[in-house]
Amino acid sequence: MIMVLTGGCQCGKVRYEVKGEPMNQMFCYCSDCQERTGGDKWFGVWYSHDNFKFTGAETKIYTRKGSTGADVHNHFCPDCGVTVCADITAGNLFTINGPSFDSSEHLAPKMAIFTASAPNWAVLPSDIPIFKTFPSNS
Ligand SMILES: [Zn+2]
Ligand SMILES: [Zn+2]
């Protein structure tokens, strides 16, 4: 049986559904993620485009350039403002806001990336691999 998980924004208008196991899950300490979250990192849970779908209200979208130069579309709720996920077009995947899931059994960060950009007050994890940028080019 294929695992189906659901989640959404803080007010509950934006909802999504994912199928199967996440491709990966990680803390991202890049400056874009800090600005977006207001914290030191984003906890992103990766699902391919094929295994993700929106099921609730339409999101608002803010588009920025990712580290590869390709577009990253941040999807956020027009009412409560929570960024539910970002569409990483370079990888055909969504990086989903970890705490936005309705359940947490599948959540276990596997690595920390872009730690070279972490603020000096960040406390980096000690039990997972840490990469200064992205694993393929650090
Ligand atoms: Zn909302
Ligand atoms: Zn980031």
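Using a probe of 1.4 Å on the protein chains alone, the accessible area found for Leu107 is around 40 Å². Helix-only arithmetic for the chain: the sum of -39500 (n - 2.57) across DSSP H runs with n ≥ 4, divided by the residue total, places the mean residue ellipticity at 222 nm at -1500 deg cm²/dmol.
Once the 1.4 Å probe is applied to the protein heavy atoms, the chain comes out at 54 Å² accessible per residue. Taking every protein chain into account, the 1.4 Å probe leaves Met26 with about 10 Å² of accessible area, to the nearest ten. Does region 4-62 come out rounded, prolate or oblate, given a ≥ b ≥ c as the square roots of the eigenvalues of its C-alpha gyration tensor, rounded meaning a/c under 1.5 and, failing that, prolate meaning a/b above b/c? Oblate. Scattering from the C-alpha atoms of the chain alone, worked out with Debye: what is log10 I(q)/I(0) at q = 0.13, 0.15, 0.21, 0.22 1/Å? With one equal scatterer per Cα and no solvent, log10 I(q)/I(0) is -0.53, -0.71, -1.40, -1.51.
Ranking of Lys65, Lys110 by solvent-accessible surface, largest first: Lys65, Lys110 (1.4 Å probe, protein heavy atoms only, all chains present). Is the shape of region 61-133 rounded, prolate or oblate, going by the alpha carbon gyration tensor and its root eigenvalues a ≥ b ≥ c, with a/c under 1.5 for rounded and a/b larger than b/c for prolate? Here region 61-133 falls in the oblate category.
Note on the chain: with a GNM built from Cα contacts shorter than 10 Å, the maximum mean-square fluctuation among Asn97, Asn74, Asn51 falls on Asn51. Solvent-accessible surface of protein heavy atoms, probed at 1.4 angstrom with all chains present, puts Lys132, Lys19 in the order Lys132, Lys19, largest first.
For the set Trp42, Trp121, the ranking by accessible area, highest first and with no ligand, DNA or RNA atoms included, is Trp121, Trp42 under a 1.4 Å probe. Sequence-distant contacts, meaning Cα pairs under 8 Å at least 6 residues apart, place the relative contact order of region 50-138 at 16 percent.
The values are calculated or read from the model by the stated rules, or taken from the named source; none is laboratory data. Since the structure is predicted, the reported quantities are computational estimates derived from the model, not experimental observations. The protein model used for the area step is the full one, side chains on, heavy atoms only, and it has no ligands, DNA or RNA in it. Shrake-Rupley method; radii C 1.70, N 1.55, O 1.52, S 1.80 Å.
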